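One structure below.
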Amino acid sequence: MNEQQRKEQAQIKQGLSVDKKSSQDIPLSEKTTEDFAHYFQTTYEPPDIKKARKRGRDKVEVHYDFEVSDKMQQIGKGKKFLIRTYGCQMNEHDTEVMAGILTEMGYEATLEAQDADIILLNTCAIRENAENKVFGEIGHLKPLKLEKPDLIIGVCGCMSQQESVVNKILQKHQQVDLIFGTHNIHRLPNLIEEAMFSKAQVVEVWSKEGDIIENLPKVRHGKIKAWVNIMYGCDKFCTYCIVPMTRGKERSRRPEDIVQEVRHLAAQGYQEVTLLGQNVNAYGKDFDDLDYQFGDLLEDVSKIDIPRVRFTTSHPRDFDDKLIEILAKGGNLLDHIHLPVQSGSSHILRKMNRKYTREDYLELVRKIKNAIPNVTLTTDIIVGFPNETEEQFEETMTLMEEVGFESAYTFIYSPRDGTPAAAQQDDIPDDVKKERLHRLNALVNQQSAESMKYYEGKVVKVLVEGESKKDDTVLAGYTEKNKVVNFKGPRSIIGSIVDVKVTDAKTWSLNGELVKKTVGVNG
Ligand code: SAM
Ligand code: SF4
């Protein structure tokens, strides 16, 4: 079959499947949201903040019996998969789970779209530009789908949890075969089977969060550092944020399952774990049979023989004294805390529903610094929340200095459908927001550079992760405070923690020399 024939056949197949998708004779591109409503009746409801806020305390079941059946293990034999991941660590970790499931189904990983039999886009909905990137990628994949009609293209992750996105894909992006959400990843084998044999686009998005499935397989990215999910969802409802709608209500994994996973990683030689959740310090608040919270979990994890334990992200509101006390004990609990503040203005914080004021945040920082004098604090900041005044923005700038954040992720506010802030009228022009972001970033860079300068001449402990991306004769790793260090050394030390003397500091990284350990005469 030549190229032209393949393309024509693909178009014919597409045409046929389009016809069968619809029981009526309206062309798909002319259909409205109502025409697709049947997809959502059983599995999907659009994001509804009022409903979401009334989250019940339905019991979350924990399942330990996930398996890929013998039949499903044959489906991917001789085939390849590619997963493109957008967004946060949670998505990266979900990708590791999907890679694990696909591997059990017999698929092999590839980095080349051209070689793949299934391509999954694991998407992020947090800001509009993240969504635009995904739609761009869906468009780029169209010629490949025409060329390889049996290729399965799937869209999953947070974007799939939004009705507007699902409708847009169904109406405009026929090359997508499969859409599923964040709550039914464990259904991947069945969904792929359906997508293979169905003439229609397969859509399965659960509006209600599912149970916790414990024994999902994972193919982890690397053997040095690992993500460990400790909870799912978020109940905070910050007014700008889509996450409580895309990730559902807070559900904590049982402590014994988390501790066992970290022990297992330690036994496999992993050097670092990051405990993951949208709001890790709300951990345990949903248990009705256990009085066990994030501080307790950290205490238990700190006893495991693994050199480094991090966590992300914590919410200032839930950062209690017990947690500070446990962190102050140090050991494998690192003294770097990422503590998103979002704004330095109490007025804006109230409108964001963050449930703390500027003064509360500063008081928390004071307590943390008292207990952990050497602590490194980093943060997230949103610029240009609706109607943010110049004075309110200036309060963010002064807070940035007052706390002495060593780094910050900074974002221009992006309205998200279904969130309360998106319904507000906003009088601040885009160029004013961009100019503020620019000023804030200049301050962030300055504070980062100053914090780096401190390390010149000092010896730091570096977990060596591999060769530097820019130069393969140079190794790169991270300090306990998460600073990148580049230095020359033998490849044999990749995966271990070594001493490096910092020779010079840049804005975002350090250069150094490996400190050779002197072996004592007496051994
Ligand atoms: N749960 C974490 C917290 O509360 O800090 C962070 C979750 S969110 C994935 C990461 C960051 O994205 C937030 O801290 C916030 O700064 C930013 N973000 C969330 N929604 C946003 C929006 N609509 N526009 C701009 N930035 C947003
Ligand atoms: Fe979003 Fe984080 Fe607020 Fe939850 S706590 S709503 S994830 S910003």
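Key figures
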{"item": "Among the listed pairs Lys223/Lys285; Lys208/Lys236; Lys329/Lys501, those beyond 21 Å (Cα-Cα)", "result": "Lys223/Lys285; Lys329/Lys501"}
{"item": "Degrees between helix 390-403 axis and first principal axis of the chain (Cα, 0 to 90, nearest 10)", "result": "50"}
{"item": "Extension reserve of the Asp427-Thr110 stretch, reckoned as 0.36 nm per residue once the Cα distance is removed", "result": "109.4 nm"}
{"item": "Cys with no candidate disulfide partner in the chain (beta-carbon separation under 4.7 Å rule)", "result": "Cys88, Cys124, Cys156, Cys158, Cys234"}
{"item": "Relative exposure of Leu440, Leu475, judged by other C-beta atoms within 10 Å (fewest first)", "result": "Leu440, Leu475"}
{"item": "Near-label residues of the stretch 318-335 by backbone N, under 15 Å of a point 7 Å along Cα→Cβ of Asp360", "result": "318-321"}
{"item": "Whole-angstrom gap from the stretch 218-279 to the stretch 103-147, using each part's C-alpha centre", "result": "24"}
{"item": "Value of relative contact order over the chain, rounded to a whole percent, pairs C-alpha under 8 Å and six or more apart", "result": "11"}
{"item": "Crossing angle, helix 89-104 versus the chain [Cα axis fit, 0-90 degrees, rounded to tens]", "result": "50"}
{"item": "Cross-link reach list, aspartates and glutamates versus Lys506, counting only Cα pairs under 15 Å and skipping chain neighbours closer than eight places", "result": "Glu406, Glu450, Glu456"}
{"item": "Karplus (6.51, -1.76, 1.60) ³J(HN,Hα), θ = phi - 60°, over the stretch 73-81, in Hz, Gly and Pro reported as x", "result": "5, 8, 4, x, 4, x, 10, 10, 10"}
{"item": "Cross-link pairs Lys59/Lys355; Lys145/Lys218; Lys322/Lys483; Lys367/Lys469; Lys303/Lys469 - those with Cα-Cα distance over 32 Å", "result": "Lys367/Lys469; Lys303/Lys469"}
{"item": "Helical contribution to [θ] at 222 nm, DSSP H n ≥ 4, -39,500 (n - 2.57), averaged over the chain, rounded to 500", "result": "-10500 deg cm²/dmol"}
{"item": "Built amide H within the under 5 Å cut-off of Val203, gap 5+", "result": "Ile179"}
{"item": "Estimated inter-spin distance, Lys506 and Glu456, nm [label 7 Å along Cα→Cβ]", "result": "1.6"}
{"item": "Angle in degrees between helix 255-267 and the longest Cα principal axis of the chain, rounded to the nearest 10", "result": "80"}
{"item": "Extended-chain gain in nm, criterion 0.36 nm per residue less alpha-carbon gap, Glu402 and Lys208", "result": "65.7 nm"}
{"item": "Sorted by Cβ density within 10 Å, fewest first, the residues Phe197, Phe135, Phe393", "result": "Phe197, Phe135, Phe393"}
{"item": "Value in Å of the Kirkwood radius, where the stretch 368-523 supplies the Cα pairs that are averaged", "result": "18.2"}
{"item": "Formal net charge of residues neighbouring Val97 (Cβ-Cβ distance under 14 Å; K, R +1; D, E -1)", "result": "-2"}
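Read the figures in this text as sums done on the coordinates, not as results from a lab. Quick caveat, the model's predicted, so the values are computed rather than measured. With ideal geometry, Cβ positions are generated from the backbone for all residues, glycine too; neighbour counts draw on all protein chains shown.
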